[in-house]
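The values are calculated or read from the model by the stated rules, or taken from the named source; none is laboratory data. What you see is a predicted model, and the numbers here were worked out from it, not measured in a lab. Virtual Cβ from ideal backbone geometry, glycine too; neighbours counted across all protein chains shown.
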């Protein structure tokens, strides 16, 4: 009976760690890892970079953990939240601690159904661009990962000098193009009814734009710009910024990319969210790609 009561309490009340992460706006996985490293540097630099995996963090925040994490994790968490012990952080919240707010709030349908971690939906790329101009997405980014066909959002819609500024400032940029000389891009051209190699030409042009930029950079900055190609049936255009914001477009039959619906997804460490799904898709494509 006692065990059942404890389980019900954990189900009804979030643990204190989850509440505090929301209060500090540290609930996204990338932000949590960054704050974890800051605390680790203060107490023991050897612990930097040893944050929990995304799955581990979800188990911590869901209250499914039996006992406490390893002692090193406990030390860092206690440094992140001075005055709180690890035991307190993994206990249900007390009455005087406010319930966490969901930030950002999930998109909700009329019937009240939540769309996981999807935070915006647009009917086309142009509608998305009006609400999320490239400058708003990229200007302060520390990491940009893009996979798709020609990657016009990065190569045509964002100025070269701004890309240079990012790379020279330490930003890592990975661009994965559909191979302009491969079979998959020819199949896509046939599907969109192009007869003059339009997509192949545009993609090759965009790759050349980035290569020209790369050759003009100092060696350290040039290493931060990675360009690769893949030759597989194209299903999505994916742009991930700082491992927090993901912009996704499906490729529809016989429809140009600019006419496809666009989804904005914000990582909230939810296991049922879509962010980890598209993060894995990008990673899988990148691992199978060929550097240019």
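A few points about this structure:
- Strands (runs of 3 or more DSSP E) wholly inside the range 212-292 that include at least 3 residues being surrounded by 13 or more Cβ atoms within 10 Å (Cβ to Cβ), on the phi < 0 side of the Ramachandran plot and within 13 Å of the chain's Cα centre (by Cα): 236-241, 245-250, 262-266
Conditions tested, residue by residue: (1) surrounded by 15 or more Cβ atoms within 10 Å (Cβ to Cβ); (2) assigned to a helix (DSSP H, G or I); (3) in contact with a helix residue (DSSP H, G or I) (Cβ under 9 Å, 6 or more places away or on another chain).
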{"residue": "153", "(1), (2), (3)": "yes, yes, yes"}
{"residue": "163", "(1), (2), (3)": "yes, yes, yes"}
{"residue": "173", "(1), (2), (3)": "yes, no, yes"}
{"residue": "186", "(1), (2), (3)": "yes, yes, yes"}
{"residue": "189", "(1), (2), (3)": "yes, yes, yes"}
{"residue": "193", "(1), (2), (3)": "no, no, no"}
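- Members of the range 178-199 that are in contact with a strand residue (DSSP E or B) (Cβ under 9 Å, 6 or more places away or on another chain) and without any contact (Cβ under 8 Å) to a residue 60 or more places away in the chain: 178, 180, 181, 182, 184, 185, 199
- Lone unmet requirement of (1) under 25 Å from residue 241 (Cβ atoms); (2) surrounded by 15 or more Cβ atoms within 10 Å (Cβ to Cβ) for residue 76: (1)
- Yes/no for residue 256 being more than 15 Å from residue 155 (Cβ to Cβ) and either touching a residue at least 40 places away in the same chain (Cβ under 8 Å) or not assigned by TED's automatic domain parsing to the domain that holds residue 54 (or both): yes
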